[in-house]
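One structure below.
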C-alpha cells in the first residue's frame, strides 16, 4: 500500500500533520469490513523513530547518511500491505524521486504532502522550540537558514511529486479523505502501479536482441547530439525521435555526449537480460532518458 512522503520547511509542523494522517488511516482501517483494507498496517517513520539527531544537518556527510538511514527504513516496511508515512524534511527533489522509484518498484502508489507553513512562521516556531528546554525540537539558526535556502519545493507537474497535497498552516487537518482516495481508493480498489519496464528483469528471447538494443539506443543518442548541434544556445527542448510516440525532453543545460553515452550504457546493462520487444526498446529508452534528465 501507499507511501506518503511528507515535505516542508524545518519546524513547519510536519510531525503534527503526519500524526493526523496516522490516526486517520488507522481508524479507517480499523472501521473497515473489507479484508483487503483491514489487513493494512501503518508505519510512521521520522528522525525520532530512527534515533537521528538534528545535528546531522551540520555537515554534508552525516546528512547524507541520515537520508540513507531513512531510505533503508522505508524500504524495509514498504509493501502492498503497508501504509508508510515518511515524516521528514524530504526537501531534495532527487531524494523524493528515489522514494517514488522505491514505491513504484513494489507496485504501490505514492504521494507528497507539502506542509505549507510560511517561512516566517517556521522561523518563529523554531525560535520558540530552541528557547524551551522541555521541547523536543528546533534547529540551530545556521542549520535552519541553510535548510530553508536549499529547500526544493515539490512540483505537482512532475511524476514523483504527484499527486501533491498542500496543507496550509491555517488548515485544521490535511485533506484526509482525498489522500485516502488517491492512495487506497474507494472500497479498497487501489490504482494499479506498474514498475518501469527498464527495471523488470526477464530473459531475452528475441533473435538479435542485443544488436537491436545497441543499435537503437545508439541511433537515439546520435539523434539527440545532432539536434543539439542544430539548436545551439537553446535551453532544453523536445527532440522528436523517428518512429517514436514520445519525445526526449532535454534539461535546461546541454547534455554532453559522454553523459548520453553513460546513460546509454546504464540502460543497456539494465536491459541486457530483459525481454523487451524490439519495438519497445525505442520508447523505453526515451522514458529512461527523460527520467535521468529530470533527476539530474
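The values are calculated or read from the model by the stated rules, or taken from the named source; none is laboratory data. Because the structure is predicted, anything quoted here is derived from the model rather than measured. Cβ atoms come from the backbone with ideal geometry, glycine included; neighbour counts cover every protein chain shown.
Counting only helices (runs of 4 or more DSSP H) that fall entirely inside the stretch 80-156 and contain at least 1 residues that are within 25 Å of residue 288 (Cβ to Cβ), the qualifying elements are 93-105. Inspect the stretch 234-254 for any residue being farther than 24 Å from residue 98 by Cβ, free of Cβ contacts under 8 Å to residues at least 40 places away in the same chain and part of a helix (DSSP H, G or I) and give the result as yes or no. The answer is no, given that none of the residues of the stretch 234-254 is farther than 24 Å from residue 98 by Cβ, free of Cβ contacts under 8 Å to residues at least 40 places away in the same chain and part of a helix (DSSP H, G or I). Count of the stretch 91-139 residues, restricted to those that are loosely packed, with under 14 Cβ neighbours inside 10 Å and within 26 Å of the chain's Cα centre (by Cα), is 3.
The set of residues in the stretch 3-43 that are free of Cβ contacts under 8 Å to residues at least 60 places away in the same chain and either closer than 19 Å to residue 164 by Cα or outside the structural domain of residue 103 (by TED's automatic domain parsing) (or both) comprises 16, 19. Just one of (1) at pLDDT below 55; (2) under 29 Å from residue 30 (Cα atoms) fails for residue 204. It is (2).
Residue 28 fulfils the conditions (1) under 22 Å from residue 152 (Cα atoms); (2) assigned to a helix (DSSP H, G or I) except for a single criterion, (1).
Reported count of residues in the stretch 237-247, each being in contact with a strand residue (DSSP E or B) (Cβ under 6 Å, 6 or more places away or on another chain) and surrounded by fewer than 12 Cβ atoms within 10 Å (Cβ to Cβ), is 2.
Taking (1) surrounded by fewer than 20 Cβ atoms within 10 Å (Cβ to Cβ); (2) under 22 Å from residue 107 (Cβ atoms) in turn, residue 56 satisfies each apart from (2).
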